[in-house]
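**Student:** Just dropping this structure here.
The values are calculated or read from the model by the stated rules, or taken from the named source; none is laboratory data. A quick note: this is a predicted structure, and the numbers were derived from the prediction, not measured. Neighbour counts are summed over all protein chains in view; Cβ atoms, including those assigned to glycine, are modelled from backbone coordinates with ideal geometry. Ligands, DNA and RNA are stripped out before the accessible areas are found, and what is left, the full protein with its side chains, is counted by its heavy atoms. Shrake-Rupley method; radii C 1.70, N 1.55, O 1.52, S 1.80 Å.
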Amino acid sequence: MRVRGLWLEAAFWLVLAAGFVLWPSRLPLASQVLIAGLFALSYDLILGYAGILSLGHAAYFGVGAYSAGLLAAHGWGEPISGLIAAGLLAALAGLITSPLVVRGTDLTRLMITTGLGLLLFELANRLGAITGGVDGLQGVEVQPLFGALRFDIYGRTAYGYVLAVVFVLFLAARRLVRSPFGLSLRGIRGNPARMRAIGCRVDLHLAAVYTFSAACAGVAGALLTQTTQFVGLDVLSFGRSAELLVMLIVGGAGLLYGGFIGAAVFMIAHHYLSSLDPVYWQFWLGAGLVLIVLVGRDGILGLGHRVLGVRRRRAGPAP
Amino acid sequence: MSGRLWGALALAVAVIAATGAAAQDVVKVGMIAEMSGPFAETGRQMVNGAKAYQKVYGESVGGRKVELIVRDSTGPAPEVAKRLAQELLVNDKVDFLAGFGLTPNALAVAPLATETRKPMIVMNAATSVITLKSPYIVRVSFTLAQVAAPLGTWAARNGIGKVYTLVADYGPGIDAETAFKKTFVAGGGEIVGEVRTPLRNVEFAPYLQRIKDARPQAVFIFLPVGEQPVAFMKGFAERELDKAGIRVIATGDVTEDGQLEAMGETPLGVVTTHHYSAAHDSAQNRTFLKAFAEVAGPDFKPNFMAVGAWDGMAAIYESIRRNGSGPIDGDRALAALKGLKLDSPRGPIMIDPETRDVVQTVYVRRVQKRGGRVFNVEFEQIANVKDPGK
Amino acid sequence: MASLLGVLFDGLAYGMLLFLVSVGLSVTLGLMNFVNLAHGAFAMLGGYVCVALMQRWGVPFLAALPAAFIAAAVAGVILERVLYRRFYRRSHLDQVLVTIGLVFMAIAVATWAFGSQQQPLRLPSTLAGQWSLFGVDLNVYRCFLLVVGASLAVVLTFVLERTRFGAAVRASVDDARVAEALGIRVALVFQLTFAVGCGLAGLGGALGVEVLGLDPTFPLKYIVYFLLVVAVGGTGSVKGPLFAALLLGVADVAGKYYLPQVGAFILYAIMVLLLIVRPQGLVARA
């Protein structure tokens with residue numbers, strides 16, 4: 001069972017790496033799907049593994065996006081160091097806000113995170129002199145990767161860069177959730193009181209995973225800025241957080257790959273439906289969502305697992 | 001990355017390029033517009049405006065078919081706009097980029113226009129800075145400063161001495177406020193108070209109360225198109241600010257033709273400055289209104305955004321005509337567009353050869369009832385207004 | 001003094017509007033514990049029914065309001081039978097997804113049926129204008145909202161806490177199996193409660209058009225407003241959301257009047273603070 005899982009995982013990443021020949025004309029879309037996938041993975045860590053329901057995760061995505069954008073606009077256009085700086089700043093934002101989100105019921109957490117996200121959006125709008133406000137930040141100039149590879153119009157450099165970064169962070173996240181730390185998180189998700197009773201520092205665990213999740217979200221935001229060479233207020237929008245939630249549930253929460261599957265299905269469906277029917281595509285997207293939930297629990301991956309008969313490695317019902 | 005991969009990729013690109021080159025009798029226009037989300041009205045206006053133009057002037061020009069490819073940018077989403085532009089340029093091999101209702105979307109795409117040397121026709125996004133971002137950008141719509149500045153001059157000249165300004169707290173609102181204040185104060189007017197309202201605001205009561213307390217002669221407003229101008233005008237009427245001797249002056253977005261109806265009779269008497277009114281009296285405007293109704297149905301009222309798209313198509317047709325039979329060359333198209341004069345439904349317009357921005361007549365209008373419907377009726381005009389924001 | 005009273009009045013009226021547009025959600029989410037993000041879609045339906053009746057058939061506003069309630073309630077019953085019923089026992093996440101899907105569909109249908117522009121609503125002259133009382137301007141429609149909201153709160157509280165039906169609802173939500181064993185027809189109770197929640201959403205939507213406007217993005221645009229009232233107020237009662245809405249309304253209006261520079265932050269900042277202080281909501285369920 002374990003071995004077959006490993007083969008499937010290897011195949012997944014190999015197919016992505018072969019994207020250069022498999023979908024050469026769709027690389028820009030593929031890059032954005034991967035970025036959304038990483039963002040959804042970061043969300044999976046807190047929702048799927050730690051059980052924190054949030055509608056404000058775009059805040060950390062936005063902090064990363066603006067950090068990378070501001071650095072590049074003020075002369076620090078080297079992408080990799082910019083990416084690391086953006087991830088660290090987003091982690092800091094996550095660390096500072098984590099005490100606020102680790103308490104209360106689902107609805108409370110949902111609304112506290114929503115509120116924080118909206119406040120940050122308003123702040124970025126108000127600080128128009130720094131962020132460019134609704135017009136977006138101008139003058140973002142990202143230098144070629146390793147000083148040699150330009151971010152070209154076909155999106156080749158961008159795709160390779162995004163894929164590499166996403167893979168590295170995925171490995172880290174995979175390591176994390178399979179460690180004893182990850183097991184404790186699932187315990188907390190299942191029953192926080194019992195975990196407290198057996199001496200687990202619940203708040204510290206949640207703060208740690210929230211910080212790491214924020215860092216991943218920040219890197220995703222920074223990748224978007226660097227590959228688009230632009231950043232606007234939309235990175236912080238409520239809509240982005242809501243879409244994130246939809247993507248993850250579509251793919252399946254708590255399964256590590258759910259975010260990628262969900263992002264791919266959601267964005268590709270969105271892309272083709274909106275090309276076919278630019279006005280009413282939302283209807284078909286909505287109908288698709290309803291259908292997915294009707295057919296299966298735990299999203300597409302959950303369905304896939306049941307079909308393939310893979311044993312599910314997770315505890316308790318979804319929150 | 002292995003050499004073989006790059007080789008395969010180059011081959012794939014070459015194949016796509018070869019198939020694209022065969023179809024030179026078709027000129028493709030890639031239109032990126034906000035077709036869904038909170039700005040769906042913008043995109044729907046633009047696409048129908050462009051289609052109305054094709055309905056009147058035919059789908060081909062100079063023996064070549066003009067194919068309109070519409071893509072939905074979904075709202076203020078620069079990364080989507082940029083990705084769509086990449087795909088339109090690389091996969092669909094479009095000759096023109098067009099559309100753009102929102103500034104960030106236009107700004108994100110600008111570098112691609114420069115890189116591929118394709119003309120990019122901005123049909124609405126109204127921030128001054130856009131045309132500076134690429135030498136291949138041409139704007140046929142307007143800039144906010146272009147229509148706000150003449151209002152300041154007009155107000156100061158027409159016995160309005162004290163004004164309170166209320167604008168939405170975001171880039172365009174601040175641009176409008178700045179441009180209005182500059183000309184109004186220069187004309188001898190006095191700003192007695194100012195307030196900036198949240199971007200997503202529905203409750204105007206406290207602001208209206210502040211304005212009432214300050215007793216100005218007029219309040220200048222700029223609010224994003226949508227529910228806010230409607231809510232403001234309703235609140236204004238219900239709190240009887242008009243009876244307290246306060247008038248409303250605004251840029252024409254606030255009383256744009258599409259949503260005038262939703263405001264009821266509350267905006268009667270409001271004075272605005274703008275570049276287009278559905279009540280503009282000209283043969284070209286009647287042609288436009290008739291074609292738009294045929295394309296979009298009688299219930300969908302066109303506004304300045306539809307006119308922006310109509311004129312954008314006119315500019316594209318003209319540059320195709322002047323390009324001759326060869327492939328569309330970006331630089332030649334730009335040369336044709338610079339200094340181009342068009343007879344627009346709004347009146348005469350010209351593309352400034354230096355800034356590539358539109359030069360046009362700005363009208364002072366008053367909201368009035370005509371034959372049971374409410375219109376912006378033009379009563380004064382200022383010819384050849386350039387964008388003062390550059 | 002007059003301005004203070006004026007701000008208080010406007011704030012209470014605005015709060016009552018928030019209560020009215022979200023009271024339906026405090027029934028479906030608060031009482032039935034169903035994360036009904038499509039609440040705004042039912043509200044939008046009520047709004048469109050109200051506007052269409054008034055515009056196309058000349059129905060008076062006051063008669064269009066009950067029609068909005070009924071239309072949304074009927075839509076609620078149908079969707080409950082076809083869809084919602086299957087999701088009562090599913091996870092909150094599945095409920096989120098299915099209701100978001102409904103919202104997307106509702107947006108597209110509304111665009112198709114009514115176009116993407118703002119809809120006009122003309123209040124009858126009896127509800128327009130304002131009264132002046134001790135130097136305070138009292139907007140007539142706002143007085144109307146206060147009266148409607150207060151009456152609704154009283155009726156709902158009475159029904160839920162004093163009637164047999166209310167007891168049946170609470171019992172069914174707390175433990176469906178035991179309730180069933182006691183002879184309560186749980187499925188019917190749920191269906192009725194859900195219909196009432198949707199009807200209230202429709203009514204709130206119709207009452208809200210005057211202030212919030214109406215276009216197809218309505219259900220998404222105001223989703224935060226609907227949720228925040230229920231979250232801050234606490235689930236399981238009508239009192240909680242009512243207090244929360246009034247408190248938020250007064251704070252928002254006072255903030256915008258006295259401190260317009262920070263207007264955009266007030267509502268959300270207060271929401272976050274209240275939730276940090278009282279994570280279970282103002283009126284926590286016993």
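**Student:** Scale the Cα Rg of segment C:115-253 by the rule-of-thumb value 2.2 N^0.38 Å and send over the ratio, two decimals. Working shown, then result.
**Tutor:** Values: Rg = 18.3 Å, N = 139, 2.2 N^0.38 = 14.3 Å.
Relative to the 2.2 N^0.38 Å estimate, segment C:115-253 comes out at 1.28.
**Student:** Next question. With a cap of 10 neighbouring Cβ atoms within 10 Å, and only residues DSSP puts in a loop, list the chymotrypsin sites (Phe, Trp or Tyr not before Pro) found in segment B:298-351. Walk me through the numbers on the way to the answer.
**Tutor:** Working: sites: B:F300, B:F304, B:W310, B:Y317; in loops: B:F300.
When the chymotrypsin sites (Phe, Trp or Tyr not before Pro) of segment B:298-351 are filtered for loop state and at most 10 Cβ neighbours within 10 Å, nothing remains.
**Student:** With N residues in segment B:269-390, what two-decimal value do you get for its Cα radius of gyration over 2.2 N^0.38 Å? Can you show the working numbers first?
**Tutor:** Working: Rg = 16.2 Å, N = 122, 2.2 N^0.38 = 13.7 Å.
Cα Rg divided by the expected 2.2 N^0.38 Å: 1.19.
**Student:** Here is a follow-up. Report, as a whole number in µm² per second, the diffusion coefficient that Stokes-Einstein gives for segment B:82-234 at 4 °C and 1.567 mPa s using the Kirkwood radius over alpha carbon pairs.
**Tutor:** On the way: Rh = 17.3 Å.
Approximately 75 µm²/s, per Stokes-Einstein.
**Student:** What's the buried accessible area, both sides, between B and A using a 1.4 Å probe, rounded to 100 Å²? All intermediate terms of the calculation are to be shown ahead of the outcome.
**Tutor:** On the way: alone 16190 and 15600 Å², together 28280 Å².
Between B and A, the summed buried area is about 3500 Å².
**Student:** Now, a different point. What average count of beta carbons from other chains do you get within 10 Å of the Cβ of residues in A:229-237?
**Tutor:** Details: counts 6, 11, 4, 11, 6, 10, 3, 0, 3.
Mean partner shielding for this stretch: 6.
**Student:** OK, next. Could the peptides A:194-203, A:237-246, B:90-99, B:373-382 be put in order, highest first, of the mean number of other beta-carbon atoms found within 10 Å of their residues? Intermediate values should be presented prior to the final figure.
**Tutor:** Values: A:194-203: 12.6, A:237-246: 21.2, B:90-99: 24.2, B:373-382: 17.0.
Peptide ranking by packing, descending: B:90-99, A:237-246, B:373-382, A:194-203.
**Student:** Also, I was wondering about something else. With the crude spin-label approximation of a point 7 Å out along Cα→Cβ, what separation in nm comes out for A:L149 versus B:A186?
**Tutor:** 5.2
**Student:** When Cβ neighbours within 10 Å are restricted to other protein chains, what is their mean count per residue of peptide C:117-126? Walk me through the intermediate numbers first.
**Tutor:** Numbers: counts 14, 13, 5, 7, 4, 4, 3, 0, 0, 0.
Taking all residues of C:117-126 together, the mean is 5.
**Student:** Let me ask another. With no solvent and one point per C-alpha, what does the Debye sum give as log10 I(q)/I(0) for chain C at q = 0.06, 0.10, 0.12, 0.14 Å⁻¹?
**Tutor:** The calculated log intensity ratios at q = 0.06, 0.10, 0.12, 0.14 Å⁻¹ are -0.19, -0.53, -0.76, -1.03.
**Student:** Now for a separate question. I'd like the interface area for chains C and B: accessible area of each alone minus the complex, both sides summed, 1.4 Å probe, protein heavy atoms only. What is it in Å² to the nearest 100? Mind dumping the intermediate values first?
**Tutor:** Working: alone 13930 and 16190 Å², together 27320 Å².
Chains C and B together bury approximately 2800 Å².
**Student:** Quick check: pseudo-label points 7 Å beyond the Cα along Cα→Cβ at A:W23 and A:A172, how many nm apart are they?
**Tutor:** 2.6
**Student:** In degrees, nearest 10, range 0 to 90: what is the angle between the Cα axis of helix C:186-212 and the longest Cα principal axis of chain C?
**Tutor:** Once rounded, the angle reads 20 degrees.
**Student:** Please average, across the residues of C:80-92, the number of beta carbons from any other chain that are within 10 Å of each residue's own beta carbon, and give a whole number. Each step should come with its number before you reach the end.
**Tutor:** Working: counts 0, 0, 0, 3, 0, 0, 2, 2, 0, 0, 4, 8, 8.
Across C:80-92, the average partner-chain Cβ count within 10 Å equals 2.
**Student:** If you count only protein heavy atoms with a 1.4 Å probe, what accessible area per residue comes out for segment C:197-286, rounded to a whole Å²? Could the numbers behind the result be given before it?
**Tutor:** On the way: 2460 Å² over 90 residues.
I get 27 Å² per residue for this part.
**Student:** While we're looking at this one, here's another question. Rounded to whole Å and ordered largest first, report the semi-axes of the equivalent ellipsoid of segment B:182-237 derived from its Cα gyration tensor (root of 5λ).
**Tutor:** Taking √(5λ) for each Cα gyration eigenvalue gives 22, 14, 10 Å.
**Student:** What number, rounded to the nearest 500 deg cm²/dmol, is the helix-based mean residue ellipticity at 222 nm of chain B, given -39500 (n - 2.57) per DSSP H run of at least four residues and division by all its residues?
**Tutor:** That calculation yields -13000 deg cm²/dmol at 222 nm.
**Student:** Same structure, new question: How would you classify segment B:177-296 from its alpha-carbon gyration tensor, with a ≥ b ≥ c the square roots of the eigenvalues: rounded for a/c under 1.5, else prolate if a/b is greater than b/c, otherwise oblate?
**Tutor:** Details: a/c = 2.18, a/b = 1.60, b/c = 1.36.
The shape class here is prolate.
**Student:** So what's chain A giving for Cα Rg divided by 2.2 N^0.38 Å, two decimals?
**Tutor:** Values: Rg = 19.1 Å, N = 319, 2.2 N^0.38 = 19.7 Å.
Normalised by 2.2 N^0.38 Å, the Cα Rg of chain A equals 0.97.
**Student:** I need the peptides A:179-192, B:26-39, B:204-217 ranked by packing, meaning the mean over residues of other C-beta atoms within 10 angstrom, with the highest value on top.
**Tutor:** On the way: A:179-192: 17.2, B:26-39: 24.5, B:204-217: 20.3.
Put in order of decreasing packing, that is B:26-39, B:204-217, A:179-192.
**Student:** Same structure again: Taking the Cα atoms only, what angle lies between the long axis of helix B:205-214 and the longest principal axis of chain B, rounded to 10 degrees?
**Tutor:** So the inclination is approximately 50 degrees.
**Student:** Of the DSSP beta bridges with both residues in the protein assembly as shown, give the percent that are antiparallel, rounding to the nearest 5. Spell out each step's value before the answer.
**Tutor:** Details: 29 of 66 bridges.
Around 45 percent antiparallel, to the nearest 5.
**Student:** Another one. On alpha-carbon atoms, Rg over Rh for segment C:43-139 using Kirkwood Rh?
**Tutor:** Rg/Rh for segment C:43-139 comes to 1.12.
**Student:** Mean Kyte-Doolittle of at least 1.6 and a Cα length of 24 Å or more along the axis: which whole DSSP H helices of chain A meet both?
**Tutor:** On the way: long enough: A:27-44 (25 Å, 1.33); A:79-101 (32 Å, 1.86); A:106-126 (30 Å, 0.72); A:156-177 (31 Å, 1.45); A:202-228 (39 Å, 1.10); A:258-276 (26 Å, 1.22).
Result, helices passing both filters: A:79-101.
**Student:** Using only Cα atoms, find the angle between the long axis of helix B:144-157 and the longest principal axis of chain B, and express it within 0 to 90 degrees, rounded to the nearest 10.
**Tutor:** Around 20 degrees separate the two axes.
**Student:** Could you tell me which of rounded, prolate or oblate describes the protein assembly as shown, using a ≥ b ≥ c as the square roots of the eigenvalues of the alpha-carbon gyration tensor, with rounded for a/c under 1.5 and, failing that, prolate when a/b is larger than b/c and oblate otherwise? List each step's numbers first, then the result.
**Tutor:** Values: a/c = 1.68, a/b = 1.07, b/c = 1.57.
Since a/c reaches 1.5 but b/c is at least a/b, the shape of the protein assembly as shown is classed as oblate.
**Student:** Ordering B:L268, C:L212 by accessible area with a probe of 1.4 Å, largest first, what comes out?
**Tutor:** Sorted by accessible area, descending: B:L268, C:L212.
**Student:** Per residue, how many Å² of accessible area does segment B:316-390 show with a 1.4 Å probe? All intermediate terms of the calculation are to be shown ahead of the outcome.
**Tutor:** Details: 3500 Å² over 75 residues.
Computed with neighbouring chains in place, this is 47 Å² per residue.
**Student:** Would you mind computing, in nm to one decimal, how far apart the modelled labels at C:V277 and B:D281 are, each placed 7 Å from Cα along Cα→Cβ?
**Tutor:** 6.3
**Student:** Something else: List the extent of the Cα atoms of chain B along each of their three principal axes, largest first, rounded to whole Å.
**Tutor:** Principal extents (largest minus smallest coordinate, Cα): 75, 50, 37 Å.
**Student:** Classify segment A:1-143: rounded, prolate or oblate, from the alpha-carbon gyration tensor (a ≥ b ≥ c, eigenvalue square roots; a/c under 1.5 rounded; otherwise prolate if a/b is larger than b/c)? Please list the in-between numbers first.
**Tutor:** Values: a/c = 2.26, a/b = 1.14, b/c = 1.98.
Judged from the Cα gyration tensor, segment A:1-143 comes out oblate (a/c at least 1.5, b/c at or above a/b).
**Student:** Output the antiparallel fraction of DSSP beta bridges having both residues in chain B, as a percent to the nearest 5. Working shown, then result.
**Tutor:** Details: 23 of 60 bridges.
About 40 percent, rounded to the nearest 5.
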